[in-house]
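This report refers to the structure that appears directly beneath it.
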């Protein structure tokens with residue numbers, strides 16, 4: 001996953017969090033998580049990794065000329081979930097999609113089918129980072145905090 005320097009963001013959010021009740025913190029973190037989910041989902045749809053580089057193209061398949069977009073299901077809100085507590089927020093995939101996303105994110109090997117005689121067919125996937133913190137996400141986080149706090153006054 002992309003490493004990002006959060007030195008500016010962390011002190012700012014910790015000062016705000018200290019002034020909020022646990023319920024308000026959870027609400028704020030939910031809004032931040034939703035904002036980050038939207039930005040990650042848009043990047044997945046555009047086939048762009050969190051660092052801004054393009055994802056590796058699909059391998060060509062014999063007999064087909066055009067294929068659909070990658071990761072159509074993974075970017076849906078029912079699959080890409082936000083979980084917030086008063087102390088943290090996380091964004092991740094649920095169900096079978098979690099295994100698919102992990103294989104693609106880290107470039108692992110996975111089973112893709114079986115031959116007619118029952119042997120397993122395995123394929124190694126190219127690493128395509130799906131989730132991460134882009135430099136623009138810092139601004140989105142500040143906007144989500146500002147919007148949440150202005151709503152409360």
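The values are calculated or read from the model by the stated rules, or taken from the named source; none is laboratory data. As the structure is a computational prediction, the values presented were derived from the model and not from experiment. Positions of Cβ are generated from backbone atoms using ideal geometry, with glycine treated the same way; all protein chains shown enter the neighbour counts.
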Could you list all residues from segment 20-54 that are touching a residue at least 12 places away in the same chain (Cβ under 8 Å) and touching a strand residue (DSSP E or B) at 6+ places or on another chain (Cβ under 7 Å)? 26, 29, 30, 32, 33, 34, 36, 37, 40, 41, 47
Which one of the conditions (1) at pLDDT below 90; (2) exposed (fewer than 12 other Cβ atoms within 10 Å of the Cβ); (3) part of a loop (DSSP other than H, G, I, E, B) does residue 118 fail to meet, given that it meets all the rest? (1)
Do you know which residues across segment 140-153 are free of Cβ contacts under 8 Å to residues at least 40 places away in the same chain and outside any loop (DSSP other than H, G, I, E, B)? 146, 150, 151
It is to be established whether one or more residues within segment 139-148 are modelled with pLDDT of 90 or more and over 17 Å from residue 72 (Cα atoms). no
Qualifying residue in segment 124-139 (condition: in a strand (DSSP E or B), exposed (fewer than 13 other Cβ atoms within 10 Å of the Cβ) and touching a strand residue (DSSP E or B) at 6+ places or on another chain (Cβ under 6 Å)): yes
Filtering segment 71-102 down to residues that are buried (at least 18 other Cβ atoms within 10 Å of the Cβ) and either over 23 Å from residue 23 (Cβ atoms) or in contact (Cβ under 8 Å) with a residue 60 or more places away in the chain (or both) yields 71, 74, 75, 79, 80, 89, 93, 97, 100, 101
Could you list, in sequence order, all residues of segment 41-57 that are surrounded by 13 or more Cβ atoms within 10 Å (Cβ to Cβ) and in a loop (DSSP other than H, G, I, E, B)? 47, 49, 50, 51, 55, 56
Regarding residue 41, is this residue within 21 Å of residue 14 (Cα to Cα) and under 12 Å from the mean Cα position of the chain (by Cα)? no
